[in-house]
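Trainee: Shown below is the structure under consideration.
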C-alpha cells in the first residue's frame with residue numbers, strides 16, 4: 001500500500017485477546033524486509049489481565065442475546081481498553097507511542113461460523129472479531145490494522161489458522177524439519193518441511209491442548225491451571241480412562257481438521273469419567289489427561305508429520321513441564337523445545353503474529369495460506385485505520 | 001496513503017443504505033484533484049430496493065435483542081448484498097468492476113450513541129455501521145473504505161453530519177451564499193457562506209423532513225409517500241393544527257442541533273392531532289404538515305442563515321413539488337432549486353458523498369468538519385480494506 005513501507009525497519013505492536021478471555025497480550029517488535037526475507041528483532045511483551053467483571057461481560061456477549069447497543073458499546077470499549085494497554089506497554093519499555101509505525105489488533109472473537117449458511121437467499125460464511133481499530137488508531141495516533149479473518153472467509157477459507165505464515169517466515173529451517181506446536185485451549189501445529197516455502201506448509205489441530213487439564217485443575221484443585229504440571233506429576237495413570245480417551249476419533253482423522261470446545265467439551269469429559277468403574281483420584285485424572293494430550297499430539301506427528309524434527313512449542317502448555325516431558329517421551333527422536341530457543345518468546349508468539357501480519361498488510365503482501373485455510377486464493381488480510 | 005493517489009482521475013463508487021431501510025443506493029463518479037481543488041464528473045446512479053423480508057430483518061436487528069451470531073451474519077450479508085448491487089450498477093452502465101479504483105460504503109447504521117456513557121469504568125461514545133467492507137473488497141477485487149463515523153466519535157464528535165465536507169467542496173460558490181438542504185426523514189442544511197472554506201461551514205438539523213408527511217400518506221392514503229405533493233395540494237390549511245405544530249420548540253433552538261424520530265415521533269404527531277377539536281380531513285393534515293415542514297426549514301434559514309441565497313435541495317423531499325413551492329413562498333428572496341441544477345443529482349447526493357469521502361481517505365485527507373461534529377480535531381475517516 002505505502003510504496004516506501006519496506007524501505008526502513010518498522011516498529012509494530014501486535015495485540016491478542018484470545019477466546020480464553022484471560023488478558024490483553026501486547027508484543028512489540030521491529031520488523032524489516034531484505035530481498036523478500038523478513039527479520040524480527042527487539043521483541044518485548046506486556047500483558048494486562050481482564051478483570052472478572054470484564055471477563056463476565058465478554059463471556060455474556062457471546063452466549064446470551066443482547067441488543068445491538070451492547071455490541072456497539074463493547075466494540076468501542078475494546079478499542080479503548082487495547083489503547084490503554086498498548087500505552088502501558090510502551091511506558092514499560094520507554095517507547096514513545098508516536099514511534100510505533102503500526103498496531104495489528106486481532107480483536108475479540110465473539111463468533112466464528114465459516115461453514116456456509118444462508119441469509120435472505122445469499123450463501124454466507126461469517127466471522128466477527130469485535131473491537132474498533134478506527135478508535136484505537138485515533139486514540140494512539142498510530143495506523144491500526146484489524147479484522148484479519150474476514151477476507152479469507154469471504155474467499156471460502158476457514159479464516160484460520162493464520163499463524164502458519166508467521167511460522168513459515170520465522171521458524172522454518174533450510175536444513176531441518178520443524179514443527180511449530182501451539183498448546184492453548186486446543187493444540188495445533190504447523191509442519192515446516194526443511195526449506196519449504198510458506199505456500200506449502202500444512203497446519204491443523206491435533207486435539208485438546210489445555211482445555212481438559214485446566215477444567216480438572218479448576219474443579220478438583222481450585223487452580224486456573226496445573227502450574228508446571230505439578231498436579232499431573234503427583235498422580236499415576238488410570239488405564240481405563242486412558243484407553244477411553246485414546247478411542248476418540250478426532251485424533252486419528254487425517255488433516256486438514258480443526259476442533260474446539262464443542263467437541264472437547266466438559267460434558268464429553270464428564271461422560272468418559274462416569275463410564276469408568278469406581279471413583280478416580282483427581283491427581284490421576286490430571287495425570288491421565290496430560291498424558292493423553294501429549295499422546296494425541298505425538299500420534300498426529302507420527303501419522304502426518306515427522307518424528308525426527310525440531311518440535312517448537314508455544315502457548316500456555318509450553319509451561320507445563322510434565323506435558324513437555326511426556327511429549328519428549330512419546331517422540332524420542334524429536335528435539336522438543338520451546339520457541340524461545342529459536343528466538344520467539346513463546347508467551348508472545350500469537351501477539352507477534354498479528355504484529356507481523358499488520359506489517360505485511362501495510363506492505364501490500366498476502367498473508368493467508370490457502371493450503372491450510374481452504375480459501376480459493378491468497379489475499380491481503382485486514383482493514384487499515386489511518387490516524388489522520 | 002497512496003502517494004500517487006491524486007496523480008490521475010479516480011473512478012469511485014459510493015454506497016448508502018439509509019435508516020429508512022428503503023434501498024441500497026449506489027453512485028459512481030470520477031474524481032480528480034487539481035491544486036487542492038476537487039472535481040467530480042460522469043455521475044451515475046443505481047438503486048436496489050430492499051425486499052420486505054430484508055427490511056424486516058434489518059429493522060428487527062435494531063430493536064430486538066439478538067445473539068451475536070445474527071449480528072455476525074448480517075455484517076457479512078450486507079457486504080455480499082452491496083457487492084451484488086455495485087456489480088449490477090456497473091453492468092447497467094457498461095463499467096468493468098475492475099475499473100473501479102475504490103468503493104466508499106457507509107454501512108447500515110444499527111446504533112448511534114455519541115453521548116458519553118461508561119462501560120467497565122471507561123467513558124465511551126459509540127456508533128456502529130454494520131457491513132463488512134473486507135468482504136466487499138475481496139468479492140469485487142476493489143479497495144473498499146467503510147466505518148466512516150467511528151474516528152470522529154472517538155475524537156468527541158457526534159460522527160455526524162459528514163456531508164458538509166462534500167457540500168463545501170461541490171456546492172459552495174465564491175460569489176453567492178448557498179444553503180445545501182437535504183430533506184430526508186429529517187431536514188438538515190449546510191450553510192455555505194460565499195467563498196468560505198470547509199472549515200467554516202455550519203450545519204444542523206432544522207426539524208422534520210418527510211417523516212410526518214410519509215406517515216400521514218401511509219396511514220390515510222396507503223401510499224409510501226406523497227408523490228409530487230399531490231395529496232398536500234388537494235387539501236387546505238388547518239389553522240389549529242398549524243399553530244400547535246409551530247409551537248414545537250426544536251425549530252427555534254439555536255444551532256448546533258440535531259434531531260430524529262425520537263422527537264418527531266408518530267406518538268407526538270398523534271397527540272397533537274388528538275388535541276385539535278373535531279376530526280380533520282386527511283388531505284388537510286398532509287397539507288398542513290407539509291406547510292409546517294417548509295415553514296420550519298425557512299424559519300431556521302431566517303434566524304440562522306440568509307434569506308438571500310441559493311437553496312439547493314436534495315433528498316426525497318426535493319420531489320415534493322408542493323413542498324418546494326411552499327419553500328419558495330416562505331423565502332421569496334431565495335433561489336429555491338434542486339442540487340441537480342448545480343450538477344449534483346439530488347437522488348444520489350448521499351451516495352456521492354461517501355464516494356468522495358473514500359476518495360479523500362485514500363489520498364490521506366481529513367474529512368470531518370469539527371465545527372459541525374464537535375470533534376476536538378479533524379482526522380482521516382474510515383478504514384481501508386485492500387482487495388489483494
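Trainee: Give the relative contact order (percent, whole number) for segment A:172-343; include only Cα pairs under 8 Å separated by 6+ residues.
Mentor: Relative contact order comes out at 28 percent.
Trainee: Given segment B:37-178, what whole percent of its Cα pairs are spread farther than 19 Å?
Mentor: For segment B:37-178, the fraction of Cα-Cα distances above 19 Å is 64 percent.
Trainee: What are the label-to-label distances in nm, one decimal and shortest first, from residue A:227 to the same spot in the other copies, with labels 7 Å along Cα to Cβ?
Mentor: The answer, with the shortest distance listed first, is 7.7 nm.
Trainee: Would you tell me the mean number of C-beta atoms belonging to other protein chains that fall within 10 Å of each C-beta in B:151-159, as a whole number?
Mentor: The mean count of partner-chain Cβ atoms within 10 Å per residue comes to 4.
Trainee: Run through the DSSP bridge list for the protein assembly as shown and note the antiparallel percent, rounded to the nearest 5.
Mentor: 75 percent
Trainee: Let me ask you something else. Using alpha carbons only, how many degrees (0 to 90, rounded to 10) separate the axis of helix A:52-63 from the longest principal axis of chain A?
Mentor: 90 degrees
Trainee: What whole number of Å gives the distance from the Cα centroid of segment B:327-388 to the Cα centroid of segment A:254-317?
Mentor: Answer, in whole Å: 57.
Trainee: Once you put a point 7 Å from the Cα of residue A:337 and another 7 Å from the Cα of residue B:20, both along the Cβ direction, what distance in nm separates them?
Mentor: Placing both labels 7 Å along Cα→Cβ, they lie 6.7 nm apart.
Trainee: Now for a different question. Given chain B, report the % of alpha carbon pairs whose separation exceeds 27 Å.
Mentor: 50 percent
Trainee: How far is residue A:262 from the same spot in each other copy, in nm, shortest first, if each label point sits 7 Å from Cα toward Cβ?
Mentor: Between copies, matching label points for residue A:262 lie 3.9 nm apart.
Trainee: Just subtract the alpha-carbon distance of residue B:308 and residue B:8 from 0.36 nm times their residue separation and send over the number in nm, one decimal.
Mentor: Full extension of this stretch gives 104.2 nm more.
Trainee: Pull up the DSSP beta bridges for segment B:164-346 and report the antiparallel fraction as a percent, rounded to 5.
Mentor: Once the DSSP bridges in segment B:164-346 are tallied, antiparallel ones form about 60 percent.
Trainee: Something else: Below 8 Å, C-alpha to C-alpha, sequence gap of six or more: please give me the relative contact order for segment B:1-123 in percent.
Mentor: Relative contact order of segment B:1-123: 32 percent.
Trainee: Rg(Cα) of segment B:7-115 divided by 2.2 N^0.38 Å?
Mentor: Compactness ratio reported: 1.24.
Trainee: Sort shortest first the distances from residue B:88 to its counterpart in every other copy, using label points 7 Å along the Cα-to-beta-carbon line, and give them in nm.
Mentor: Distances between equivalent label points, in nm: 5.0.
Trainee: Same structure again: Give me D for the protein assembly as shown in µm² s⁻¹, whole number, from Stokes-Einstein with Rh from the Kirkwood sum over alpha-carbon pairs, 20 °C and 1.002 mPa s.
Mentor: Translational diffusion coefficient: 76 µm²/s.
Trainee: Still on this structure: Going by how many other beta carbons lie within 10 Å of each one, how would you line up A:30, B:218, B:350, A:262, fewest first?
Mentor: Taking fewest neighbouring Cβ atoms as first place, the list is A:262, B:218, A:30, B:350.
Trainee: Neighbour counts of other C-beta atoms within 10 Å: give me A:338, A:361 arranged from fewest to most.
Mentor: A:338, A:361
Trainee: Suppose only helical runs count, i.e. DSSP H with n ≥ 4. What mean residue ellipticity at 222 nm does that imply for chain A under -39500 (n - 2.57) per run, divided by all residues and rounded to the nearest 500 deg cm²/dmol?
Mentor: Dividing the helical sum by the residues of chain A leaves -11000 deg cm²/dmol.
Trainee: In nm, to one decimal, how far is the modelled label at residue B:252 from the one at residue A:221, with both set 7 Å along Cα→Cβ?
Mentor: Distance between label points: 7.5 nm.
Trainee: Related question: For segment B:164-346, report the convex hull volume of the alpha-carbon atoms normalised per residue, in Å³, without decimals.
Mentor: Value for segment B:164-346: 103 Å³ per residue.
Trainee: Compute the helix-to-body angle for B:321-330: its Cα long axis versus the longest principal axis of chain B, expressed 0 to 90° and rounded to tens.
Mentor: Here the helix axis deviates by roughly 70 degrees.
Trainee: If you count, for every residue in B:57-70, the Cβ atoms of partner chains within 10 Å of its Cβ, what is the mean?
Mentor: 4
Trainee: Also, quick follow-up: Peptide A:118-131: average number of partner chain Cβ atoms within 10 Å per residue?
Mentor: Mean shielding count: 6.
Trainee: Suppose each label sits 7 Å from its Cα in the direction of the beta carbon; what would the residue B:116-residue B:321 distance come out to in nanometres?
Mentor: Distance between the two pseudo-spin positions: 5.2 nm.
Trainee: What is the helix-to-structure angle for A:68-92, meaning the angle in degrees between its Cα long axis and the longest Cα principal axis of chain A, kept from 0 to 90 and rounded to the nearest 10?
Mentor: 80 degrees
Trainee: When a footprinting reagent is the concern and you count Cβ atoms within 10 Å, what order do A:201, B:286 take, fewest first?
Mentor: A:201, B:286
Trainee: Okay, moving on. For chain A, what is the percent of antiparallel DSSP beta bridges, rounded to the nearest 5?
Mentor: That works out to approximately 75 percent antiparallel.
Trainee: Just want to confirm a number: the relative contact order over segment B:307-360, from Cα pairs under 8 angstrom separated by 6+ residues, in percent.
Mentor: Once normalised by length, the contact order is 42 percent.
Trainee: At q = 0.11 Å⁻¹, what log₁₀ I(q)/I(0) does a Debye calculation on the Cα points of segment B:119-209 give, no solvent, two decimals?
Mentor: Normalising to I(0) and taking log10 leaves -0.47.
FYI, it's all coordinate maths here, none of it is from the lab. Quantities reported herein were computed from a predicted structural model and do not represent experimental measurements. Glycine also receives a Cβ, built like all others from the backbone with ideal geometry; neighbour counts cover every protein chain displayed.
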